[in-house]
Amino acid sequence: MDTSLSAPAKATARRRLGPQQLNIIGLIAAIVILAILLSILAPHFGSLRNAYSILQSAADVGIIAWAGTLVIVAGEIDISVGPAVAFWSVMLAEMAGPWKLGLPLALVLTLVGGGLVGAFAGWLRARFGVPSFVVTLGLWLALRGQAEFMTNALPVPIRDNAFLDFIGGALPGGFPVSALVMLVLFVVYLFIARRTSFGRSVYAVGGNARAAMLSGIKVARVRILVFLGTGLLAAVVGIITAGRLTGGNATAADGLEFDVIAAIVVGGTSLSGGRGSMLGTLLGVIFIALIGNGLVLMGVNPFFQHVVSGIVIVGAVLINLLLSRRASPDSV
Amino acid sequence: MNTPGTASVVDVRGVSKRYANVQALVDVDFEVAPGEVRALLGKNGAGKSTLIRMLSGAELPDRGEVVLDGVPLGTAGVEGARRLGVRTVYQELSLVGSMTIAENMFMGRWLRSARGVDYRAMAEQTAAALRRLDIDLDPGTPVSELGIADQQMVEIARSLRDDLKVLILDEPTSSLAAGEVHRVLDTVNQIASEGVAVIYVSHRLDEIRRVAATASVMRDGRLVETAPVTELSTQDVVRMMLGTAAQEVSRVARPPRADLPVTVCVRGLAVEPKLQSVDLDLRAGEVLGLAGILGSGRTELLQAVAGVVAPSGGSVVIDGEDIAGRGVRVAIGKGIGLTPENRKEDGIFPLLGIDENMVVSDWKAVGRLGVLSPRAISSAAVSLMRRLSVKAASSHVEIATLSGGNQQKVVLARWLHARSRVLLLDEPTRGVDVEAKAQLYALVRELAATGCSVVFVSSELEELPAVCDRVLVLRGGRLVQEITAPDVATDALLAAAMSDD
């Protein structure tokens, strides 16, 4: 037995630095280098206040990216989250204000509604096989359109409220509450992805849907639930946004869906499904937030910021792919 | 064998080919005359595919030469063989379903006029080609709307373009229902009557008798014999294919016990058009073999029992309940576990570890209320790995990195984890090395001894006598024969599976 141990041992050693691990190490290195560069180039980068500001902008992306990671691991995509955030911020303001439902009920209905809209998208995918890109493209148009239609694209104010002030504000000392929500939900989703039968079924369905069906996994249920997740967390971010803006806004969270997808993909999750990690997404979220923050601090022209972001995101994924190909040369 | 005075269009002279550790062809001489339909027979691994690959230029012989229409093929490769008029139609069709017949006919070489792709000219030429074969199809029909037989004929018609001299058909009827076969045979006869040499690989003797004049039988890389089909009985062919060394090492010696309780009772099960009215009783503790050539309906039978396909009729009763057509989850709940034929496409989760590939069939056994216990997963996986002797560094290793044999053990372990009592194994030894095969046989016997019912499907008929208490032979979607241990013998199975009575 001892003689045969050397070969498997070598295999484990190579496995320990598989594509996922390489990606994590690479991302950490990239974040460290980026932070060092920015602290040299941008004078205020190292301040505590700036760190909180980075965390706050990371929160909107991150909260949704946790659920989005499971959507993409399942081999699906959800591009409707930006408009969903805007729509639910408006709905919350409408329900709490003009519709006179009261804030507690409005909050509950916002969360339930967010989950239901997501589940509906998942149902269309699971039941009829409508590609999730198409379903969520429809939602992307319809949710933003409905929010703008209801409000004429004007902000809908909500009366001052302690809870909304809290959720949209900061802890004593300045730590943003939304970042706290992000971290708590990260732990929740880390647990879901790694330690629940639902989470592992998501990986199974994304890795091989037919084998999953033949193994007795309820594939349709898994697909519906992953979209329920993004819908629900988009509503959460909608509530946070309403708190921060003290009202609903149909034009909020513009382009958020692309930041979310970029963070997930930079984090090493495969768009073809089956492979991805919450830790990778966390690093991806930090990476994206750092770039956004750095470009602002360095005073780069706001239009040109998008150009830089675009190049950096594609470059990061490209490097990631090249690294993983070197890590496992025999896989295509 | 050739008509006197006709030069052979295919002339293979003394060809040998060796792969890493297999002698695939040994000094093969093979001639086919223009207009002749030559059947090519042999078990898996007898050398048929290698010979076909030589003729189509995909492989170079180590010794000897391939001469096509008087011209040595040399190192001209696939393109050279194509120029000399050789076309091969494989089992897997290479048509694009969303495009029309005409577009498929000209795939990649679409006719063009000054105004772009010339659809009218393509349609006209396609219509002419189809007419030539007496095929009544509209060139504008999308291929996806055609039945498999018609698709097969489009594939054949496509090969007719240019100067076809040699047409190689690799089991062209294996995916067809019995009723559609004659259309393909008519087309083959039509093509041969135009002077094309046809090499027809098949295991269906009735077809061979209807379409071929002569048959060549291969075994262990050698061409054993070429004889007129009329002089070959089924027994002759079986003897030639198996040779004298066909006696199995260790057969199941004892006849099955008749007093074992029936676990699954199948009556009148049909999956149109591939499976007709199958009755069978599966008993606890027995290994039931299903023998049949490709396309005999064996996969459909397993899938209908396991709830993967809804049968068009009949019942599958287990514990007094009919589960026919009620889906995979109901079947699994009743203790049925299917290991699919295509392990890679349908069986494994390539990116997940061995452990999760095993426990995926029942998460509840390794957790509570949907929360998994890593320790329970690990101990379940490790004990299954030990029981099935799965070789890997740890239970977390991605399954895609394992050998075929170890992957198959993991897929089987999945159903042991789910405590399935009825195991349906579809080609479990395909792509599995010799050592792992022997382990799988032993494992199957052991599982039966613990009271499981096992259905063992294999196209390698030699292995059935070693594992099965009882073998049912499927032919053309029907059960045609039952052989019980200790009388299960490869030659009897092969004769029954290929026979043409």
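Structure summary
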item: Dipole of chain B, positive end: most advanced residue of B:ALA284, B:GLY335, B:ILE191 [Cβ charges, Cα centre]; result: B:GLY335
item: Centre separation in Å (Cα based) which lies between segment A:178-202 and segment B:206-225; result: 62
item: With Cα atoms, 0 to 90° folded angle of helix B:119-132 axis to chain B main axis; result: 90
item: Burial ranking of peptide ranges A:141-152, B:319-330, B:251-262 (average Cβ count within 10 Å, highest at the top); result: A:141-152, B:319-330, B:251-262
item: Of all accessible heavy-atom area on chain B, the percent that carbon and sulfur account for (1.4 Å); result: 49
item: Kyte-Doolittle mean at least 1.0 and Cα axial length at least 30 Å: DSSP H helices in chain A; result: A:19-41, A:48-73, A:103-128, A:219-245, A:302-327
item: 25 °C / 0.890 mPa s Stokes-Einstein diffusion coefficient of segment A:45-253, Kirkwood radius on C-alpha pairs, µm²/s; result: 140
item: Kirkwood-based shape ratio for segment B:215-320, expressed as Rg/Rh from alpha carbons; result: 1.10
item: Cross-link pairs beyond the 30 Å C-alpha cut-off, checked among B:LYS165/B:LYS274; B:LYS274/B:LYS391; B:LYS43/B:LYS274; B:LYS17/B:LYS391; result: B:LYS165/B:LYS274; B:LYS274/B:LYS391; B:LYS17/B:LYS391
item: Surrounding net charge for B:GLY431, when Lys and Arg each add one and Asp and Glu each subtract one, Cβ distance under 15 Å; result: -4
item: Modelled FRET efficiency - R0 60 Å, B:ASP163 with A:GLN146, Cβ distances, 0.05 increments; result: 0.40
item: Net charge of neighbours whose Cβ lies under 13 Å from the Cβ of B:GLU286, counting Lys and Arg as +1 and Asp and Glu as -1; result: +2
item: Measure of compaction for the protein assembly as shown (Cα Rg per 2.2 N^0.38 Å); result: 1.14
item: Segment B:253-376, dipole about Cα centre (Lys/Arg Cβ +1, Asp/Glu Cβ -1), debye to the nearest 20; result: 260
item: Cα long-axis angle, helix B:181-193 against chain B (0 to 90 degrees, to the nearest 10); result: 30
item: Modelled FRET efficiency - R0 35 Å, B:ASP138 with B:SER193, Cβ distances, 0.05 increments; result: 0.90
item: Net +/- balance of residues flanking B:PHE106 in space, Cβ distance below 11 Å, scoring K and R +1, D and E -1; result: +2
item: Lys, Arg +1 and Asp, Glu -1 on Cβ, resulting dipole of segment A:45-253 about Cα centre, debye, nearest 20; result: 700
item: Modelled FRET efficiency - R0 60 Å, B:SER113 with B:SER379, Cβ distances, 0.05 increments; result: 0.25
item: For segment B:358-501: span of alpha carbons on each principal axis (Å, largest first); result: 58, 29, 26
item: Beta bridge orientation in the protein assembly as shown: antiparallel %, DSSP, nearest 5; result: 60
item: Charge dipole (debye, nearest 20) of the protein assembly as shown; +1 at Cβ of Lys and Arg, -1 at Cβ of Asp and Glu; result: 2620
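The values are calculated or read from the model by the stated rules, or taken from the named source; none is laboratory data. From a predicted model like this one, the values you see are computed outputs, not experimental measurements. FYI the Cβ positions are ideal-geometry reconstructions off the backbone, even for glycines, and counts take in every protein chain you see. The area values use the complete protein model at the heavy-atom level, side chains included, leaving out ligands, DNA and RNA. Shrake-Rupley method; radii C 1.70, N 1.55, O 1.52, S 1.80 Å.
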